[in-house]
Amino acid sequence: MLKAIILIGGPQKRPLSLDIPKPLFPVAGLPLIQHHIEACAGLENLREILLIGFYPIAQIEQFVTDMQNKYSITIKYLQEFVALGTAGGLYHFRDQIRYGNPDAFFVMNGDVCADFPLIELYNFHKKTAKSLVTIMITEATKQQSLHYGCIVTNKKTYEVTHYVEKPSSYVSTLINCGIYVFSVDIFQVIGEAFNAKQQDYYSILPVCFGYIRLEQEVLAPLAGSGKMFALQVNNWWSQLKTAGSAIYANRHYLELYRLKHPERLYTSSGEGGCTVIPDVYIDRTASVHPTAVLGPNVSIGPGVTVGPGVRIKESIILADACIEERSLVLHSIIGRGSRVGRWARVEGTPTDPDPNKPFAKIENQPLFNNDGKLNPSITILGMNNRLCPITTPDNTGLQHKTYKV
Ligand code: GTP
């Protein structure tokens, strides 16, 4: 029997939208962590999924009920009393995780997106008998690797011999993907980190009681012990930190639908449908005018209205937004309930990885660069905004480049 834990964190760190907790932000039409749940539900022996985070229960419980009904699998949300770090929550809820004596359990960072190779990961974990942890790793560029957990492995045995989280200088281009298989004996190791910290709690303040960082306090000390191994994968993998990375992930999840869920992709073969340039997801409650042209890489949420002659490309349109006639939306996220007035042009700048650099990942750049200038990025029209022309449109509408929000 297997279990899976999805770490979803909490409200204070980098929200993607004002009204939706980041783990529930829709990417390719599904809440971000539904992609994790779907991958887990595909495993025959996986019996329970535990979401661990510190969002108020009210923000997560409806989602949990919906997911249980959809995938017929036990899903529970375990709320930390305070942020406990990436291993503190695992340790706090260890009895719940160990309950039923699982053979092993997956841990998945809720903010990663991937074509999750869970079966391969588990089969690899089983082969390395003494393993307490198997880490999924992938290759990054030398420069980008500094922003991740860097791993050195023994090329023959795949043992992790060295682990440094966000090193200040180059260690390795193999990086931690934040997807693991753990044996239940890992709790002894996390317990040791917990006990060591308890002493700190009484000596150096402030230390949050029970706060443990998986990467620095558990994985790094395990390197070279013969108990931690890594499986390198070349499947698509990305982190979702910024709005720009949501557009990038949207594109890749849509592409994965071609193989795994073609029924989710909209095709304009039927009469009266709009024109689509693949890949496009349209919620069945959205209303799209037949003269609109959507795609590539567009997701249209529930209750959205898209007017005549609208053009949308590389964008996510959230629930109940309205894109009025002849407007253009490129590389943007349109927030829930927002209205883009007719003939408006909403255009962002793509932040894709450099195609000339093999293994490049998307850059999660801060809003401003070192000179205080805004880094070009995708455009976000927040929740319930209205973007409308200042002047009355003439017959062509072409002169109307000035808008107010
Ligand atoms: P940053 O680059 O600083 O964001 O580091 P990172 O990519 O390693 O991410 P981080 O360690 O912050 O989070 C990894 C995953 O763990 C994310 O899915 C977070 O939502 C989740 N997470 C982070 N802190 C906590 C926590 O205190 N409790 C829980 N349950 N989850 C957490």
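A short reminder: the numbers here are calculations on the coordinates, not readings from a lab. Computed from a predicted structure; not experimentally measured. So basically every Cβ, Gly included, is an ideal-geometry build from the backbone, and we count neighbours across all protein chains shown.
General remarks:
- Set of lysines with alpha-carbon distance to LYS361 below 18 Å, sequence-local pairs under 8 removed: LYS142, LYS166, LYS241
- Residue of GLN79, GLN199, GLN144 that the Gaussian network model of the chain assigns the largest fluctuation, springs spanning Cα pairs under 10 Å: GLN199
- Taking amide hydrogens as placed 1.01 Å from N in the peptide plane, the amide H of ASP279 sits under 5 Å from those of ASN297, VAL298, each at least 5 positions away in sequence or on another chain.
- Region 2-239 - percent relative contact order, Cα under 8 Å, separation 6 or more: 23
- Cβ-to-Cβ counts within 10 Å put ARG47, ARG311, ARG251 in ascending order as ARG47, ARG311, ARG251, the fewest first.
- DSSP assigns beta bridges within the chain; of those with both partners inside it, close to 30 percent run antiparallel.
- Listed residues LEU259, LEU16, LEU132, most fluctuating in the chain (Gaussian network, C-alpha, under 10 Å): LEU259
- Prolate/oblate/rounded label for region 2-239 (Cα gyration tensor, a/c 1.5): rounded
- Farthest towards the positive end of the charge dipole of the chain, among the residues PHE359, PHE105, ALA246, is the Cα of PHE359, using unit charges on the Cβ of Lys, Arg, Asp and Glu.
- Of all aspartates and glutamates in the structure, the ones whose alpha carbon falls short of 14 Å from that of LYS357, not counting any fewer than 8 places away in one chain, are GLU139.
- From phi via Karplus (6.51, -1.76, 1.60), per-residue ³J(HN,Hα) for region 23-32 in Hz, x at Gly/Pro: x, 9, 5, x, 10, 6, x, 10, x, 2
- Rounded to the nearest 5, the antiparallel percentage of DSSP beta bridges internal to region 263-404 is 10%.
- A cut-off of 5 Å between modelled amide H atoms, ignoring neighbours fewer than 5 places along the same chain, links ILE6 with LEU50, LEU51, ILE52, MET108.
- Residue-by-residue Karplus 3J(HN,Hα) for region 327-336, coefficients 6.51, -1.76, 1.60, Hz, glycine and proline x: 8, 10, 10, 10, 6, 9, 10, 9, x, 4
- Taking other C-beta atoms within 10 angstrom as a stand-in for reagent exposure, SER145, SER183, SER168, SER287 fall in the order SER168, SER287, SER183, SER145, fewest first.
- Our coupling estimate for region 172-179, obtained by passing each phi through the Karplus curve with A = 6.51, B = -1.76, C = 1.60 and θ = phi - 60°, is 6, 8, 8, 10, 6, 8, x, 9 Hz, Gly and Pro reported as x.
- Computed over the chain, relative contact order equals 13 percent, with contacts defined as Cα pairs under 8 Å that lie 6+ residues apart.
- Amide proton proximity set for VAL346, modelled H, under 5 Å, gap of 5+: LEU328, VAL329, LEU330
- Loop trypsin sites (Lys or Arg not before Pro), region 106-172 (other Cβ atoms within 10 Å of the site Cβ: 12 or fewer; DSSP): LYS130, LYS155, LYS156
- DSSP bridge pairs, region 2-239: antiparallel proportion in percent, nearest 5: 50
- Gyration tensor (alpha-carbon) shape descriptor, region 228-372, a/c threshold 1.5: oblate
- D_trans [Stokes-Einstein, Kirkwood Rh over alpha-carbon pairs] for the chain, 20 °C, 1.002 mPa s, µm² s⁻¹: 94
- Gaussian network model of the chain, Cα within-10 Å springs - most flexible of PRO23, PRO296, PRO366: PRO366
- Between the helical axis of 57-71 and the longest alpha-carbon principal axis of the chain there is an angle of about 90 degrees.
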